[in-house]
Amino acid sequence: MKANFLTVAALSTFICHASGYVIARADQVSEATLANAPPIVFTGPAFPGGPDVNITGTVEHIFAKLHEMNPKYDAWEFPDYQQEMARKGLTKDGPIGLGARSGNLEKRGWTKCNVDGKPVGNYITQCAEGIRYLKGLNGYCGAPKGWAGCSRVSCSHNCGIFLCNDNNHKISVKCSNIVGDFYDIVEECGNKWKDFIVSVKGAIYRDGPPKWNTLVASQSC
């Protein structure tokens, strides 16, 4: 039997599913992929100068676990974290909205606003909790193996934030990068009414290395 494109594609899909991951174009992540996305794996220290710990869960769960290990845990007490956030124009007590970061930062990568799913309405209040916890983490967030392999970073008040992989191997990126990605998505993809952004949905794709994308869309949570 002569193999054609569809036969090869079907065989490739079977092999990938059997291996535990699905190869797909990263800019075509489906609602089903997001709904079934596993939580992120966090790697970072619980104490300044201490060893790294690994915690699996959403940022809300990770933040709680870090505080069990170190009741005084505060990412802003880590000098490297302060420097990283300063480069992104973010401050500890800054607002969640567009005023949260300076507008003179050079953007890298590209955005896509017409992603699968529904937009997050009233994004400032719905996404505030997830971003607040994410800003409180000093370490790396991981996504599973496989193109478009996504991890659930946060899901609260129907605001879903996801880290998706653009490689055929596991990746880890600075959690603070996802914070910056969120604000870039809001700036590029926010639906405006007069001078206000009333909802947001979109993804931003980073060149890396490693290559990754961050996606924001409405979720049931």
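Where a number appears in this text, it was derived from the coordinates with a stated rule and is not lab data. Predicted, not measured: the structure shown is a model, and the values here were computed from it. A quick note on method: Cβ atoms are made from the backbone with ideal geometry, for glycine too, and the neighbour counts reach across all protein chains shown.
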#### Entry: Residue-wise HN-Hα coupling along the range 53-67, computed from phi with Karplus coefficients 6.51, -1.76, 1.60 (Hz; x: Gly, Pro)
10, 10, 9, 9, x, 6, 4, 5, 5, 4, 4, 5, 5, 4, 6
### Query
Which of the listed residues, 48, 176, 36, is farthest toward the dipole's positive end in the range 24-218, when Lys, Arg count +1 and Asp, Glu count -1 at the beta-carbon?
36
### Partners for residue 88 among lysines (Cα-Cα distance below 22 Å; same-chain residues under 8 apart left out)
107, 112, 135, 174, 201, 211
### Query
Mind listing the phi-derived Karplus ³J(HN,Hα) values for the range 157-173, rounded to whole Hz, using 6.51, -1.76 and 1.60 with θ = phi - 60°, and x for any glycine or proline?
6, 6, 9, x, 10, 10, 10, 10, 8, 10, 9, 9, 8, 4, 9, 9, 10
#### Entry: Stretchable slack from residue 77 to residue 64, in nm (0.36 nm times residue separation minus alpha-carbon distance)
3.0 nm
### Task
Treat each spin label as a single point 7 Å out from the Cα along the C-beta direction, and report the residue 158 to residue 43 distance in nm.
3.7
### Query
In terms of modelled amide H atoms, which long-range or inter-chain residues lie less than 5 Å from the amide H of residue 150?
165
### Task
Normalising by the residue count of the range 24-218, find the relative contact order in percent from Cα pairs under 8 Å and 6+ residues apart.
25
### Task
Return an integer: the convex hull volume of the alpha-carbon atoms of the range 24-218, in Å³ per residue.
109
